[in-house]
Structure formats: C-alpha cells, structure tokens
Amino acid sequence: MAAATTPLKALQALRGDAAGCRACPLWRGATQTVFGEGPLDARIMLVGEQPGDQEDRAGHPFVGPAGRVLDRALAAAQIDRSAVFTTNAVKHFKYRTRGKRRIHQRPGAEEIGACRQWLDKEIDLLRPEVIVALGATAAHSLLGRATAIGPNRGQLLHSPPFDCSVLVTVHPSSVLRERDSESRSAALDALAADLRRVA
Ligand code: URA
C-alpha cells in the first residue's frame, strides 16, 4: 500500500487492498470483499461475523435481514447508524450451495485469523472509543480467543490484541432465529439494552 496523505485516503487505500485479498480461500466463492463503512470519526465500531448473501451481492455490510434487525436495535438504543462504523470480522461470504441457494457457513479460526489484518487496520485508523462484538465470531477476533457470549454478554471487556474496550453481545441474526414473535421482540429488546450501554 502506498503512503496515504489523509485518513480518508488511507481508508480508501485499505479498501482497495482488501478487495484483492487472497489470504484464505473464501474469496474464490464470494462476489467481492465487503469492507467496513461509516464515518472516520465514528466513536462506536460495530463488528459482525461476515457478509451474508445480500451483503455479498451488494458489497455493503449489514444490508440484509440481520441488518434490518440491527437497524431496529440501534434505533431503540438511540444510536444513529450513520454515525457508527460497521464492519465484519471476516470480509468474504462463506457458504455452501443447496440447489440455487447459498447457505451461510460459520467462518473458522483460520479464516478469522487470516482476516484479522483488515480489522486490525480499520481499528488502527478509526481508533473508536468502543467496539461492539456482535456474536461469537466477532468476539473471537476482537478478544483473540474463542469467547462464549452467554457469560460475557453486555459486559465491556478489554481486548489485548487491539488494546481497546469491547462490548460483547449477540449477533442480530439470533433475534431472527427465535421461535415466535414474542420471543423475537424480547430478544430485540435485549440486544437494544446491550447497545444502550455504549450509547
Ligand atoms: N451478518 C453479519 O455478521 N454481517 C453482515 O454484514 C451481515 C450479516
């Protein structure tokens, strides 16, 4: 990467470099690298797992069903999505095919590790006040070790690899997996309550 003169240019250069990333095999099946988005002066960074089917096609993080849950939780927590930086621990969509459908597959430790270089650089450039780990993959990447969500949920932990504060919570897609509308509503409220801690 050539030396960039402004933070915006540095972010654009990073995005360009990540577009050609071949550090793990996930690029082969993906449409594109889905890099983080948001203002450079964001005080909050949200880190998800990996782009889903819609994000892979659109090239933007959290624009599909999980993104709509995230939008609702952020609104309930009175956090303006346009003021936060949104990204993922892994920047290519991992899936298996069933007929014409692409079924999400959870990234493994090797893929998380291979992609950490980009998250590292995003954090370095933005230096957010707090980072929210949305789910186990993000928590693993940010805390440098496999981390159960249950016992750590809603807590601000220190990240040794990134030397920053990380709030651990569930992934928004877990709200969609709840069995009925009452449980989904309770799960959304709980996610919003966690996000309120950083608001
Ligand atoms: N799930 C994620 O973790 N990230 C996205 O961008 C979309 C779905």
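Read the figures in this text as sums done on the coordinates, not as results from a lab. Everything numeric in this text was worked out from a predicted model, so none of it was measured. Virtual Cβ from ideal backbone geometry, glycine too; neighbours counted across all protein chains shown.
The table below gives the values:
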read-out	value
Reciprocal mean inverse distance between Cα atoms of region 1-65 - Kirkwood radius, Å	13.1
Size of electric dipole in region 64-114: Cβ of Lys, Arg +1 and of Asp, Glu -1, about Cα centre, debye, nearest 20	480
Relative contact order (percent, whole number), the chain, Cα cutoff 8 Å, 6+ residue spacing	22
Span from the region 11-77 Cα centroid across to the region 129-192 one, whole angstrom	17
P(r) histogram, all alpha-carbon pairs of region 38-195 included - 5 Å bins from 0, percent	2, 9, 19, 23, 22, 15, 6, 2, 0
Radius 15 Å from Cβ of Arg72, net charge of other residues (Lys, Arg +1; Asp, Glu -1)	-1
Per-residue [θ]222 nm for the chain (sum of -39500 (n - 2.57) over DSSP H runs n ≥ 4, rounded to 500)	-11500 deg cm²/dmol
Protection proxy ranking, peptides 21-27, 139-145, average beta carbon neighbours within 10 Å, highest first	139-145, 21-27
Reachable lysines from Lys121, criterion Cα separation under 20 angstrom, eight or more residues apart if same chain	Lys9, Lys91
Rounded to the nearest 20 debye, dipole of region 2-196 from Cβ charges on Lys, Arg, Asp, Glu	740
Residue-span extension gain [Ser165 to Ala146] - 0.36 nm each, minus C-alpha spacing	5.2 nm
Inter-probe distance in nm under a simple model that places probes 7 Å from Cα toward Cβ, at Leu157 and Arg106	1.5
